[in-house]
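K.L.:
The structure that follows is given in the form of structure tokens.
The values are calculated or read from the model by the stated rules, or taken from the named source; none is laboratory data. Since the structure is predicted, the reported quantities are computational estimates derived from the model, not experimental observations. Glycine gets a Cβ as well: all are built from the backbone with ideal geometry, and neighbour counts include every protein chain shown. Quick note on the areas: whole protein, heavy atoms, side chains included, nothing else; ligands and nucleic acids left out. Shrake-Rupley method; radii C 1.70, N 1.55, O 1.52, S 1.80 Å.
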Amino acid sequence: MKKAFITGVTGQDGSYLADLLIKKGYQVYGLTRRTSTQNFARIKHLIHNPRLELVSGDLIDQHSLTNALHDVKPDEIYNLAAQSFVKASWEQPVLTGEFTAIGVTRMLDAMRLACPDARFYQASSSEMFGKVREVPQTEQTPFYPRSPYGVAKVYGHWITVNYRESFQMFAVSGILFNHESPRRGLEFVTRKIANGVARVKLGKQSVVELGNLKAKRDWGYAPDYVQAMWLMLQQDQPEDYVVATGQNHSVREFLELACQAAELDDWQAIYQHNPLYDRPAEVDVLVGDASKARRQLGWEPSVTFAELVTLMVEAELELERQNGEE
Ligand code: NAP
Ligand code: G4F
């Protein structure tokens, strides 16, 4: 039985990846950090499944990572843990650097010492393209990050390349464009809109407060994207891949479609601008070219933008109905 080690297993992607790998017959080990209240909501359906074992550790604590990999001796390592919220990276730039940048070196070095023959996946990001140098963005597009998060991800990307070239380790980066789902954190714009629109529909709030409606993103469906992560580690050679749908839409379009999905007539009636959600430096337009992933991995997105918006709004309507009146 193959063994996989996932950092960030309590997050959106980690939880879907655990589902996928368990379905494929893996024994999965998920790194979790100590918190005063457990936050296992996204993996609650797996908590009593013997195929998932939780291992205590933190990206900031080198020994916990080396010990964990030494004990587990995994075949595959997926480094998904990070401070992943771009807006928070201006408020906590040093912590973002510790987790999202140096944390990658800690994981790579733990692997080098404990299980150098394992295969390593690094969660790189389209945020690295930032103020984009070309459209669409490919594996060859130069990086121009626009936030402390983007800068930290560029570091994580290059240290992964460096360990691959220095120590002949099987280490790859997936440069993933935005991917969403009902398991997305509520602070990210798609889930925030889907939840806000559902709450307006059910009479629980009257407006949705947002920042920049003009920003465009290449939004896909998270379960499709964890499939691409797994495919990258099944290849003969370690290479980096862009994963994207190839189409982008504005935040405003997401809001309009979400209102339609909830049968609310006028999106402008429920939208309110709040400068609190504007960013010191914005990434205006992202759109990826995933030709290499399509060609070499046989990867395809399975959910369209309209389907994604609808499934997210329906999930929030269901959730808010279950939560009852306030
Ligand atoms: P997420 O939902 O925010 O999950 C982040 C995970 O990292 C959580 O499990 C969190 O644990 C864990 N974590 C944070 N700091 C940690 C630390 N110091 N030690 C150990 N674990 C820590 O993020 P996601 O959307 O699943 O994204 C997964 C990865 O892909 C991230 O690296 C993100 O930057 C990257 N990425 C995401 C997207 C996207 O569109 N979703 C696109 C490109 C790249 P807690 O539950 O304890 O907080
Ligand atoms: O949903 P967002 O916070 O995602 P963002 O910044 O694109 O980052 C996400 O995708 C990256 C991949 O490109 C990941 F690496 C990263 O970890 C994360 O998963 O914001 C999307 C856009 C931005 O332009 C933002 O300015 O939506 C705009 N926006 C407008 N109003 C808002 C809001 N974003 C948030 N979070 N909240 C708002 O009220």
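K.L.:
Leaving out ligands and nucleic acids, note down the accessible area per residue over region 1-40 with a 1.4 angstrom probe, in whole Å².
P.N.:
Computed with neighbouring chains in place, this is 45 Å² per residue.
K.L.:
Which shape class applies to region 127-171: rounded if a/c is under 1.5, otherwise prolate when a/b exceeds b/c and oblate if not, where a ≥ b ≥ c are the square roots of the Cα gyration tensor eigenvalues?
P.N.:
Working: a/c = 3.84, a/b = 1.71, b/c = 2.24.
Oblate.
K.L.:
Still on this model: FRET efficiency for residue 23 and residue 105, Cβ-Cβ distance as r, R0 = 35 Å, nearest 0.05?
P.N.:
Taking R0 as 35 Å, the efficiency between residue 23 and residue 105 is 0.65.
K.L.:
How large a share of the accessible area of the chain, in percent, is made up of carbon and sulfur atoms when the probe is 1.4 Å and the other protein chains stay in place? Could the numbers behind the result be given before it?
P.N.:
Values: 7030 of 14580 Å².
Solvent-exposed carbon and sulfur of the chain make up 48 percent of the total.
K.L.:
At 0.36 nm per residue, and after removing the present C-alpha to C-alpha distance, how many nm does the segment from residue 71 to residue 47 gain when stretched out fully?
P.N.:
On the way: separation 24, 0.36 × 24 = 8.64 nm, distance 2.05 nm.
Residue separation times 0.36 nm, minus the Cα-Cα distance, leaves 6.6 nm.
K.L.:
Across region 61-202, how large is the tail of the calculated P(r) beyond 28 Å, expressed as a percent of all Cα pairs?
P.N.:
Distances greater than 28 Å cover 26 percent of the Cα pairs.
K.L.:
Same structure again: How much length, in nm to one decimal, is gained on full extension between residue 134 and residue 321, taken as 0.36 nm per residue of separation minus their Cα-Cα distance?
P.N.:
Result: 62.9 nm gained on full extension.
K.L.:
May I pose another question? What translational D, rounded to a whole number of µm²/s, comes out for region 1-96 from Stokes-Einstein when the hydrodynamic radius is the Kirkwood one over Cα pairs, at 4 °C and 1.567 mPa s?
P.N.:
Reported coefficient: 93 µm²/s.
K.L.:
Still on this structure, I have one more. What fraction, in whole percent, of alpha-carbon pairs in region 142-230 exceed 23 Å separation?
P.N.:
44 percent
K.L.:
While we're on this one: Which value results for Rg/Rh of region 187-326 when Rg is the Cα radius of gyration and Rh the Kirkwood radius based on the inverse mean 1/r?
P.N.:
On the way: Rg = 17.3 Å, Rh = 16.6 Å.
Across region 187-326, the Cα-based Rg/Rh ratio is 1.04.
K.L.:
How many percent of DSSP beta bridges within region 174-278 run antiparallel, rounded to 5?
P.N.:
Details: 2 of 10 bridges.
Around 20 percent of the beta bridges assigned by DSSP in region 174-278 are antiparallel ones.
K.L.:
Let me ask something else about it. Going by alpha carbons, how many degrees (0 to 90, nearest 10) lie between the helix axis of 103-114 and the longest principal axis of the chain?
P.N.:
Its long axis makes an angle of about 30 degrees.
K.L.:
Sticking with the crude label model, points 7 Å out along Cα→Cβ, report the distance from residue 186 to residue 209 in nm, one decimal please.
P.N.:
1.4 nm
K.L.:
Now for a different question. When the label point is put 7 Å from the Cα of residue 168 along its Cα-to-beta-carbon vector, which residues of region 235-253 have a backbone N closer than 16 Å?
P.N.:
Zone members listed by number: 237-238.
K.L.:
Can you compute 3J(HN,Hα) from phi for each residue in region 193-201, using the Karplus curve 6.51 cos²θ - 1.76 cosθ + 1.60 with θ = phi - 60°, rounded to whole Hz and x for Gly and Pro?
P.N.:
Along region 193-201, the couplings run 5, 4, 5, x, 5, 4, 5, 5, 4 Hz.
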